[in-house]
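Asker: The structure under discussion is supplied below as structure tokens; questions concerning it will follow.
The values are calculated or read from the model by the stated rules, or taken from the named source; none is laboratory data. All figures in this text were calculated on a predicted structure; none of them were measured in a lab. Glycine gets a Cβ as well: all are built from the backbone with ideal geometry, and neighbour counts include every protein chain shown. Calculation scope for accessible area: heavy atoms of the full protein, side chains included, ligands and nucleic acids excluded. Shrake-Rupley method; radii C 1.70, N 1.55, O 1.52, S 1.80 Å.
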Amino acid sequence: MKQQIEGSQAVAQAVALCRPEVMACYPISPQTHIVETLSRKVKAGDIGHCQFLNVESEFGALSVLIGASAMGARTYTATTSQGLLFMAEAVYSAAGLGLPIVMTIANRAVGAPINIWNDHSDSMAMRDAGWLQLFAEDNQEAVDLHIQAFRLAEELSCPVMVCMDGYILTHAFEVVDLPVQEQVDAYLPLFEPVQVLDPQDPVSIGAMVGPEAFAEVRYLAHHKHVQALEAIPRISQEFQDIFRRPSGGLLKQYHTDEAETIVLALGSVIGTIKDAVDDLRAEGWLVGAIQLCSYRPFPSQVLRHIVHYAKRIVVIEKDLAVGKGGIVSAEVKIALQGLPTVVDTVIAGLGGRPISKASVIDAVKAACLEGLEEPHFLDLNWEAIKRELIRQVEQRRSGPTPENLLREIGLSSEKTA
Amino acid sequence: MPYQRVKFYQTGTFTVGNRLLDEADRTVQARMDRTNSLNSGHRACQGCGEALGARYALDAVMRATQNQMVAVNATGCLEVFSSPYPESAWQIPWLHSLFGNAPAVASGVAAALRAKGKTDIRVVAQGGDGATVDIGFGCLSGMFERNDDVLYICYDNEAYMNTGVQRSGATPARAWTNTTQAVGIEPGNPAGVGKNLPRIAMAHGIPFVATASVADLHDLETKVTKAMSMRGARYIHIHVPCPLGWKSDPAQTIKIARLAVESGLFPLFEAEWGVVTDRTTIRKQISVEQYLSLQGRFKHLFNPRDEQALAAIQGMADQNIHLYDLLSTEPAMES
């Protein structure tokens, strides 16, 4: 049923329809509306015998789910940013133990400086933990990916993060087609764990593994992701069969046919990029776009097959590997190894900086005409940066950088006012 | 008092005592049908107090629950010596995730059991003192305040032994560890630091808190059994000497544990809903020196004699004697 609804509310409705049995939650913006809604539903008795635990930290939240999942329960939580990093050790543990937990990441920048707005630094920091990572383009896809995530997680016995842009999606009111219970029940079977704590059949889960078998255990974790490359498109297709709309999959293409330049991105910014592609196409530029829905596993082969004829890939990414540049672009480069395709890195949208259509168009044109420096930072205030660099040279005790920059930008906006 | 304690004079000694008792009063461990939750063949050191405590505690839980138990383990000696792949000493469903999250993992197991209506299956979480009083403290406090249906057992050997004897928040005053070396002005762990987790647990107002010792395994089993007769968050803190870290003779583990109790340094008591309800009295208080002098971790207090330190530690023991009324001949107390 279509309704005008906030992204977080819509995701909470979708999670509830998946009949979770244990949820453990800790508040952090911008995911809080999701767990608030779920707590109300549990307390009202709308989700069967589901248990909702208010815990003392994100580390505790995911740890509770590790225990509950090992006991055979369907489990869910949501977090972001500092919360995801605070639970980092448990993130690795959940994946290493092969527990099919589903977690929403309401993507947000990681401090310091503290910043509550959107970028992808948080989930990128956990990209190698062994979780599948699916990125939603809009709130409809966020809803759909959560339902698919439980299927995927439980089929592979592997945890899944559904990443949706903080505020941009979580707090946006859009029309969303919310599924009904019968559809979800038809799509999502009961959770049949591959390992469970059972007094009738006792097993040791989480035993110590030395050099004689650790590498094999890690390989098998990698193998799950290889299997996921096949499972994700299939599960997406089965979703379409029941819910009558395409959603998810490894990646989505927009006017990539005969495109000389392809802009690649994750998450909601693809909407802006599609508009930019439309404008550029109207001006005669052979430009297309790819939305990478599955970041883990990384669909290298599929991507290579699609873009092998393109001259240039411009990766617009909301993260920064400090000291190196792009995270996604580096993986794209590896996927395209041996091809003449140029891969550009555009670092954009950090800490919630808006990514405008005009800036995207300018960056794509610059990439095509004269090439971009590596990495290219979109819309940086170079004047403020230069003044701060000079101050640091001139004064040993130059003070805290973020405060200096805020002062710089405050002063310059006063001048223009 | 629901349980009549076994007296020395009734049984001779604790070690042979079982044979002199009625069958019903014997320890779980003395029975043919004990479950061997932690089976033999594991890799604990000679004289390991923790392995002994865990074996008694978990078999008592198994008996109390008709074998319907799930155990969650923190990282540490107990996890490492029992589980190196592909061997496992555990005869029970057993889950290890991390060093600092065993209480939360156990809360999750309990929540799943509640969601599935399987309330006959009970959950025990266990960890060493490092996992309990330090790195897992946040999760433990959360499990307590939510009153989750978990029995948490801390095996307290008073330092990080698995990593090679480093100080924890449970390391006693003036003890040598590899991070509180016996050098400088106040050799060993400084006095006046550390935390008393049983008291902190009591401050959460949970249904049951008890201390126990491998020196009195009958008492240990009784407390575990009592804990399993209750629901909600329960905590048992078991004193388990570590020959490696305490630099003591492995053959003396039980004796040293008993001296800790009889000196007053490790008081045995139980509390319900935040109030002390019972304690094990001491027939004759021994001096702390008798306890300390058997352990190499305290040898810097004797060569030359550090009268000030010994007096300070004696003061701590005396304070416990007073606080818990340990020399009283009254059968029980309410405070």
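Asker: Just grab the label-to-label distance for A:THR401 and A:SER300, each label 7 Å out from Cα along the Cβ direction, in nm (one decimal).
Answerer: Once both label points are built, they end up 3.2 nm from each other.
Asker: If you bin every alpha carbon distance in segment B:28-161 into 5 Å steps from zero, what whole percent lands in each bin?
Answerer: 2, 11, 21, 23, 21, 14, 6, 1, 0
Asker: If you don't mind, there's one more thing I want to ask. Would you work out the relative contact order for segment A:70-166, in percent, from Cα pairs under 8 angstrom that are 6 or more residues apart?
Answerer: Details: 183 pairs, mean separation 33.8, N = 97.
Relative CO of segment A:70-166 lands at 35 percent.
Asker: Let me confirm one metric for peptide A:51-58, namely the mean number of other chain beta-carbon atoms within 10 Å of its residues' beta-carbons.
Answerer: On the way: counts 10, 1, 9, 3, 8, 10, 5, 0.
The mean count of partner-chain Cβ atoms within 10 Å per residue comes to 6.
Asker: Let a ≥ b ≥ c be the square roots of the eigenvalues of the Cα gyration tensor of segment A:3-112; is it rounded (a/c under 1.5), or, if not, prolate (a/b larger than b/c) or oblate?
Answerer: Values: a/c = 1.84, a/b = 1.11, b/c = 1.65.
Verdict is oblate for segment A:3-112.
Asker: With +1 on the Cβ of every Lys and Arg and -1 on the Cβ of every Asp and Glu, and nothing else charged, how large is the dipole of the protein assembly as shown about its Cα centre, in debye rounded to the nearest 20?
Answerer: Working: 65 positive and 83 negative charges, 306 e Å.
The calculation lands at about 1460 debye.
Asker: So, one more: Work out, in µm²/s and without decimals, the Stokes-Einstein translational diffusion coefficient of segment A:71-162 at 4 °C, 1.567 mPa s, Rh from Kirkwood over C-alpha pairs. Mind showing how you got there, number by number?
Answerer: Numbers: Rh = 13.3 Å.
Diffusion coefficient, whole number: 98 µm²/s.
Asker: Once you sort the root eigenvalues of the Cα gyration tensor of segment A:126-206 as a ≥ b ≥ c, which label holds: rounded (a/c under 1.5), prolate (a/b larger than b/c) or oblate (the other case)? Mind showing how you got there, number by number?
Answerer: Working: a/c = 3.39, a/b = 1.65, b/c = 2.05.
Cα axes put segment A:126-206 in the oblate bin.
Asker: Count, for each residue of A:191-197, the Cβ atoms from other chains sitting within 10 Å of its Cβ, then give me the mean as a whole number. Mind dumping the intermediate values first?
Answerer: Details: counts 0, 0, 0, 0, 1, 2, 13.
Mean shielding count: 2.
Asker: Do any trypsin sites (Lys or Arg not before Pro) in segment B:257-297 lie in a DSSP loop with no more than 11 other beta carbon atoms within 10 Å, and if so, which? Spell out each step's value before the answer.
Answerer: Details: sites: B:ARG258, B:ARG279, B:ARG283, B:LYS284, B:ARG297; in loops: B:ARG283, B:LYS284.
Answer in residue order: B:ARG283, B:LYS284.
Asker: If you place +1 on the Cβ of every Lys and Arg and -1 on the Cβ of every Asp and Glu, how big does the dipole about the Cα centre of segment B:59-196 come out, in debye to the nearest 20? The partial results should precede the final answer.
Answerer: Numbers: 9 positive and 12 negative charges, 58 e Å.
Using only the charged Cβ atoms, the result is roughly 280 debye.
Asker: Whole number in Å², please: accessible area per residue of the protein assembly as shown, 1.4 Å probe, ligands, DNA and RNA not counted.
Answerer: Working: 30780 Å² over 752 residues.
For the protein assembly as shown, the per-residue accessible area is 41 Å².
Asker: Report, in debye and to the nearest 20, how large the dipole of chain A comes out about its Cα centre when Lys and Arg carry +1 and Asp and Glu carry -1 on their Cβ. Don't skip to the answer; put the middle values down first.
Answerer: Numbers: 34 positive and 51 negative charges, 115 e Å.
The calculated dipole for chain A is roughly 560 debye.
Asker: May I pose another question? Short version: what are the Cα gyration tensor semi-axes of chain B, square root of 5 times each eigenvalue, largest first, in whole Å?
Answerer: Numbers: eigenvalues 173, 108, 81 Å².
Over the Cα atoms of chain B, the ellipsoid semi-axes are 29, 23, 20 Å.
Asker: In the protein assembly as shown, what % of DSSP beta bridges are antiparallel (nearest 5)? Could you put the intermediate results ahead of the total?
Answerer: Values: 22 of 87 bridges.
About 25 percent, rounded to the nearest 5.
Asker: Loop-only GluC sites (Glu not before Pro) in segment A:329-380, please: DSSP not H, G, I, E or B, and at most 12 other Cβ atoms within 10 Å.
Answerer: Values: sites: A:GLU331, A:GLU370, A:GLU373; in loops: A:GLU370, A:GLU373.
Passing both the DSSP loop test and the Cβ count: A:GLU370, A:GLU373.
Asker: While we're on this one: Can you give me the relative contact order of segment B:27-95 as a percent, contacts being Cα pairs under 8 Å and 6 or more apart?
Answerer: Numbers: 75 pairs, mean separation 29.1, N = 69.
Computed value for segment B:27-95: 42 percent relative contact order.
Asker: I've got another one for you. So how much accessible surface do B and A hide from each other in total, probe 1.4 Å, in square angstrom to the nearest 100?
Answerer: Working: alone 14680 and 18950 Å², together 30780 Å².
Summing both chains' loss of accessible area gives about 2800 Å².
Asker: How much FRET efficiency would the formula 1/(1 + (r/R0)^6) give for A:GLN227 and A:LEU389, where r is the Cβ-Cβ distance and R0 is 41 Å, rounded to 0.05?
Answerer: Values: r = 49 Å, r/R0 = 1.19.
Here the calculated transfer efficiency is 0.25.
Asker: Under a no-solvent Debye model with one identical scatterer per Cα of segment A:3-55, what's log10 I(q)/I(0) at q = 0.16 Å⁻¹?
Answerer: The Debye formula, applied to the Cα set alone, gives -0.41.
Asker: Of A:GLY271, A:TYR76, A:SER398, whose Cα points farthest to the positive end of the dipole of chain A (charges on the beta-carbon: +1 Lys, Arg; -1 Asp, Glu; origin at the Cα centre)?
Answerer: Result: A:SER398, furthest along the dipole toward the positive end.
Asker: If you don't mind, there's one more thing I want to ask. With just the Cα atoms of chain A, tell me how far they stretch along each of the three principal axes, in Å, largest first.
Answerer: Each principal axis gives a Cα extent; for chain A these are 70, 54, 54 Å.
Asker: With the radius of gyration and the Kirkwood radius both derived from the Cα set of segment A:52-96, what is their ratio Rg to Rh?
Answerer: On the way: Rg = 9.9 Å, Rh = 10.6 Å.
Ratio of gyration radius to Kirkwood radius: 0.94.
Asker: Hey, another quick one. Taking loop as defined by DSSP and a crowding limit of 16 other beta carbons within 10 Å, which chymotrypsin sites (Phe, Trp or Tyr not before Pro) in segment A:265-313 fit? It would help to have the intermediate numbers written out before the result.
Answerer: Details: sites: A:TRP285, A:TYR295, A:TYR309; in loops: A:TRP285, A:TYR309.
Here the sparse-neighbourhood loop sites are A:TYR309.
Asker: Please report the relative contact order for segment A:206-287, taking Cα pairs under 8 Å with a sequence separation of at least 6, and give it as a percent rounded to a whole number. Spell out each step's value before the answer.
Answerer: On the way: 38 pairs, mean separation 16.2, N = 82.
The value is 20 percent.
Asker: Something else: Whole Å is fine, so just give me how far the alpha carbon centre of segment B:80-144 lies from that of segment B:295-314.
Answerer: Between the Cα centres of segment B:80-144 and segment B:295-314 lies a distance of 37 Å.
Asker: Can I get the semi-axes of segment A:280-417's equivalent ellipsoid? Compute them from the C-alpha gyration tensor as square roots of 5 times the eigenvalues, in angstrom, largest first.
Answerer: Working: eigenvalues 232, 66, 35 Å².
Three semi-axes, in Å: 34, 18, 13.
Asker: Mind checking which of A:HIS222, A:HIS33, A:HIS146 has the largest fluctuation in a GNM of chain A, springs on alpha carbons under 10 Å?
Answerer: For chain A, modelled as a Gaussian network with Cα springs under 10 Å, the answer is A:HIS222.
Asker: Take every residue in peptide A:70-80, count the Cβ atoms of other chains within 10 Å of its Cβ, and give the average of those counts.
Answerer: Details: counts 9, 15, 6, 8, 2, 4, 0, 0, 0, 0, 0.
The mean count of partner-chain Cβ atoms within 10 Å per residue comes to 4.
Asker: Accessible area of the protein assembly as shown with a 1.4 Å probe: how many percent of it is carbon plus sulfur? Please list the in-between numbers first.
Answerer: Details: 16730 of 30780 Å².
On the protein assembly as shown, the fraction of accessible area on carbon and sulfur atoms equals 54 percent.
Asker: Can you tell me the convex hull volume per residue for the protein assembly as shown, based on C-alpha atoms, in Å³ to the nearest whole number?
Answerer: Details: hull volume 149.4 nm³, N = 752.
So the per-residue hull volume is 199 Å³.
Asker: Could you sort the residues of segment B:94-112 by number and keep only those whose accessible area is reduced by 20 Å² or more in the all-protein-chain setting relative to the chain alone, 1.4 Å probe?
Answerer: B:TRP94, B:LEU95, B:HIS96, B:SER97, B:LEU98, B:ASN101, B:ALA104, B:VAL105, B:GLY108, B:VAL109, B:ALA111, B:ALA112
Asker: Would you give the gap between the C-alpha center of segment B:199-234 and the C-alpha center of segment A:265-332, rounded to a whole Å?
Answerer: So the two Cα centres are separated by 59 Å.
Asker: Nearest 0.05, what FRET efficiency do B:SER287 and B:MET32 give at R0 = 41 Å with Cβ-Cβ as r? Write down the numbers at each step before the final one.
Answerer: Details: r = 41 Å, r/R0 = 1.01.
The computed FRET efficiency comes out at 0.50.
Asker: Compute the projected area of the convex hull of the Cα atoms of segment A:131-172, averaged over all viewing directions, and report it in nm² to one decimal place. Present the calculation step by step, with values, prior to reporting the outcome.
Answerer: Values: hull surface 10.4 nm².
Average projection, Cα convex hull of segment A:131-172: 2.6 nm².
Asker: Hey, another quick one. What shape does segment A:78-225 take by its C-alpha gyration tensor, where a ≥ b ≥ c are the square roots of the eigenvalues and a/c under 1.5 counts as rounded, a/b above b/c as prolate, and the rest as oblate?
Answerer: Working: a/c = 2.50, a/b = 1.29, b/c = 1.94.
Oblate shape, in that a/c is at least 1.5 and b/c is the bigger or equal ratio.
Asker: From the P(r) of segment A:287-346, could you give the percentage of C-alpha pairs in the tail past 20 Å? Provide the component values of the computation, followed by the final result.
Answerer: Details: 329 of 1770 pairs.
The share of Cα pairs beyond 20 Å in segment A:287-346 comes to 19 percent.
Asker: Among DSSP bridges having both ends in chain B, what percentage is antiparallel? Round to the nearest 5. Write down the numbers at each step before the final one.
Answerer: On the way: 10 of 36 bridges.
Once the DSSP bridges in chain B are tallied, antiparallel ones form about 30 percent.
Asker: Kindly state, to the nearest 0.05, the FRET efficiency for A:ALA282 paired with A:VAL203, given R0 = 60 Å and r defined as their beta-carbon distance.
Answerer: Numbers: r = 62 Å, r/R0 = 1.03.
Computed FRET efficiency for A:ALA282 and A:VAL203: 0.45.
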